[in-house]
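Report on one structure; see the data block that follows.
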Amino acid sequence: MMRTNTSAKDLVMRYTPVAVALSLLAATSSSVLLSQPPEELDSRAVALLGEGRAASEAGDLDAAIDAFEAALTVEPGSVAVLLPLADATRRQGLQGKALHYYRVALNRDPRNVAALAGEGVALAEKGATEKAARNLARLQTLCGATCAETQALATAIAKGPTGTRMVTAEAAATKPMSEN
């Protein structure tokens with residue numbers, strides 16, 4: 001006589017491995033489908049990036065920025081172009097402009113540790129150490145305390161603002177000279 005009534009335990013034992021395998025397949029497939037593909041740049045942008053890097057290494061920041069901006073016109077919004085452009089403008093002392101480029105890059109890729117670190121360094125150089133410290137905390141969460149970006153930002157925060165500080169109008173007001 002054949003038993004037709006299977007118990008719940010038999011059903012669980014029989015179908016659990018299949019259910020687990022299917023759920024793993026679904027999770028893997030969805031994460032692969034939702035992840036961003038690597039950014040492929042136009043060959044003209046790649047050539048301009050090379051020119052910009054060479055000019056930057058030679059210390060010619062104006063030529064580097066020109067090349068990076070030209071690459072940005074070829075590949076608008078490209079994080080691969082925005083980051084070296086932001087770095088060059090920051091090194092030239094244009095922290096406000098660099099912050100703009102870092103933020104555009106972060107809008108496109110919010111977990112980009114290079115953009116987070118660069119933005120934090122620009123903020124620290126500007127004197128906005130509280131905001132830079134927020135970036136440092138986020139970097140420590142994303143890549144740890146020993147990551148190169150985290151250490152570079154921590155060093156910039158410790159170093160403090162660079163260049164001239166902004167002066168209020170009241171502090172810069174001239175005082176009339178007394179006549180004798």
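The values are calculated or read from the model by the stated rules, or taken from the named source; none is laboratory data. Values in this document were obtained by computation on a predicted structure and should not be read as measured data. Cβ atoms come from the backbone with ideal geometry, glycine included; neighbour counts cover every protein chain shown. With ligands, DNA and RNA removed, areas are computed over all heavy atoms of the protein, side chains included. Shrake-Rupley method; radii C 1.70, N 1.55, O 1.52, S 1.80 Å.
Within segment 83-104, the presence of a residue that is farther than 21 Å from GLY59 by Cα, at pLDDT 90 or above and touching a Cys at 6+ places or on another chain (Cβ under 9 Å) is excluded. What is the one condition in (1) open to solvent by less than 60 Å² (accessible area, probe 1.4 Å); (2) among the aliphatic types (A, V, I, L, M); (3) at pLDDT 90 or above that ALA27 does not satisfy? Single failed check for ALA27: (3). Every condition in (1) farther than 21 Å from SER43 by Cα; (2) open to solvent by 30 Å² or more (accessible area, probe 1.4 Å); (3) modelled with pLDDT of 90 or more holds for VAL74 except the one numbered (1). Scanning segment 137-157 for residues that are open to solvent by less than 30 Å² (accessible area, probe 1.4 Å) and either among the charged types (D, E, K, R) or out of contact with any Asp or Glu (no Cβ under 8 Å at 6 or more places or on another chain) (or both) gives GLY144, CYS147, THR150, LEU153.
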